[in-house]
1. Quick check on this structure: which one of B:44, B:73 is surrounded by 17 or more Cβ atoms within 10 Å (Cβ to Cβ) and closer than 14 Å to residue A:18 by Cβ?
2. Restricting to segment B:23-42, give me the number of residues that are more than 7 Å from chain A (Cβ to nearest Cβ) and either within 8 Å of residue A:71 (Cα to Cα) or at pLDDT 85 or above (or both).
3. Based on what the data block shows, is residue A:44 closer than 30 Å to residue B:129 by Cα, part of a helix (DSSP H, G or I) and free of Cβ contacts under 8 Å to residues at least 24 places away in the same chain?
4. Could you please tell me which pairs satisfy a Cβ distance under 8 Å, a separation of 6+ or placement on different chains, a first residue in segment B:51-75 that is assigned by TED's automatic domain parsing to the domain that holds residue B:119, and a second residue that is exposed (fewer than 11 other Cβ atoms within 10 Å of the Cβ) and outside any helix (DSSP H, G or I)?
5. Looking only at helices (runs of 4 or more DSSP H) that lie completely in segment B:25-110, which have at least 1 residues being closer than 30 Å to residue A:57 by Cα?
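The values are calculated or read from the model by the stated rules, or taken from the named source; none is laboratory data. Bear in mind that the values here come from a model prediction, so they are computed numbers and not experimental data. Using ideal geometry, Cβ is built from the backbone for each residue, glycine included, and neighbour counts are taken over all protein chains shown.
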């Protein structure tokens, strides 16, 4: 009984991400890419700080005691947010989402293959090569969809 | 051509996101998931604050002239993190990612198709359905 509930929760979690891209893209188009990315991170930091302050169980290690390289994730997060805010008004939510997901999955295949970030090595096998080809194909199709739409729009008398 | 470059940029940003997740998981195990998430938002907010100082024409005032619902982007991020933290121990990482990605892709296509959240309308076409099918197959193959 719990399982379907969790799956619904996960779908909502994913939908929330798509909504976030869309909302941030629109805000970025009106008030600037850096400005709206900044606001997203500030509100996120305030909320997570409150949540951590009241709900996080005590841990042995703290953010100040772990090796510094473990804290570099934010660099990637910021680049991602800037890219999304810039791209969504120009290519649409779905195209940006497909590109992000393909990038994520391609990179995780590479991380597994080379065992980067102290992960166990899982070499690329035949089915993973096919997966990579499909991901690149998906990006290609999204691009074609745009081309088609572009042609239709420019062929209509305005 | 410009469109292709933007897509390539977003693809690379997505690759970075995987690296972020790869760093965040182990960090969360050590210091707690909320603290790990806080480190991302906090460092990000500080870096972008620095960047704001050097932006030629700031439009911070314009941010708060928008309808309030446009400012909720920062609330949705933490919701996602909470969902992730709740679900992963119950159903495992694989199932969690599949659920999240399905929701994400389906919602993004719906947002474009219906023009929700004030976005420009982009109807579903054969190419888009093909792209969805390819992503789902890739997910299943991995």
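1. B:73
2. Looking only at that region, the number is 1.
3. no
4. Close Cβ pairs satisfying both conditions: B:71/B:64.
5. Per the criteria, B:33-54, B:73-91.
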